């Protein structure tokens, strides 16, 4: 079984500012996925250094230097589960989840089993159109909002489960 941690929207200036439990979860995961909105490239470097294997994308709050250094989307496969990762640049209201699909090449869209994304700061695990959409929530605790992550556990043959974990309570 492979344990994949999904986090996003950390919005910190240094990886040392990440909550200690989040850093521990990154170290424990077989694969750590960050769905964007880092703020500084140094945070990406710290995340990568602590993860066994890191999959990273940039978000809409990331500066040009960071957007030039890491991709907007990623596709990878684990145990036969095809996973896409992105961070949309939505404005006001959130569009339907299917609006995330154009972020990926047309040929790949029908091959995605799980689509991980950031931006909304709300934990989500929802199947729509045959794709399991996953948002880890908010990668830091804040006023009345806990820090959360999603965990995808895969097994050979394309089998997977998804659940969320709170790593720090809101204050």
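Values quoted throughout were computed directly from the atomic coordinates according to the rules given, and no laboratory measurement underlies them. Here the structure is a predicted model, which is why all the values come from computation and not from measurement. Positions of Cβ are generated from backbone atoms using ideal geometry, with glycine treated the same way; all protein chains shown enter the neighbour counts.
Summary of computed values
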quantity	calculated
Antiparallel DSSP beta bridges within the chain, percent to nearest 5	65 percent
Centroid-to-centroid separation of segment 1-36 and segment 89-152 [C-alpha atoms, Å]	16 Å
The chain: calculated mean residue ellipticity at 222 nm from DSSP helix runs of at least 4, using -39500 (n - 2.57)	-4500 deg cm²/dmol
Neighbour-count order for 62, 45, 68, fewest beta carbons within 10 angstrom listed first	68, 45, 62
Stretch gain in nm, segment residue 21-residue 107, where the contour uses 0.36 nm per residue and the Cα spacing is subtracted	27.1 nm
Mean Cα-pair separation over length for segment 1-119, i.e. relative contact order, pairs under 8 Å, 6 or more apart, %	24 percent
Difference of contour (0.36 nm per residue) and Cα-Cα distance, residue 165 to residue 142	6.7 nm
Protection-proxy order for peptides 123-129, 18-24, each taking the mean of Cβ atoms within 10 Å per residue, highest first	18-24, 123-129
Sorted by Cβ density within 10 Å, fewest first, the residues 117, 140, 72	72, 140, 117
Gain on full stretching of the segment that runs from residue 60 to residue 77 - 0.36 nm per residue minus C-alpha separation	3.6 nm
Label selected from (i) 38, 35, 31; (ii) 44, 42, 27; (iii) 91, 68, 23, the criterion being Cα extents along the principal axes in Å as computed here	(i)
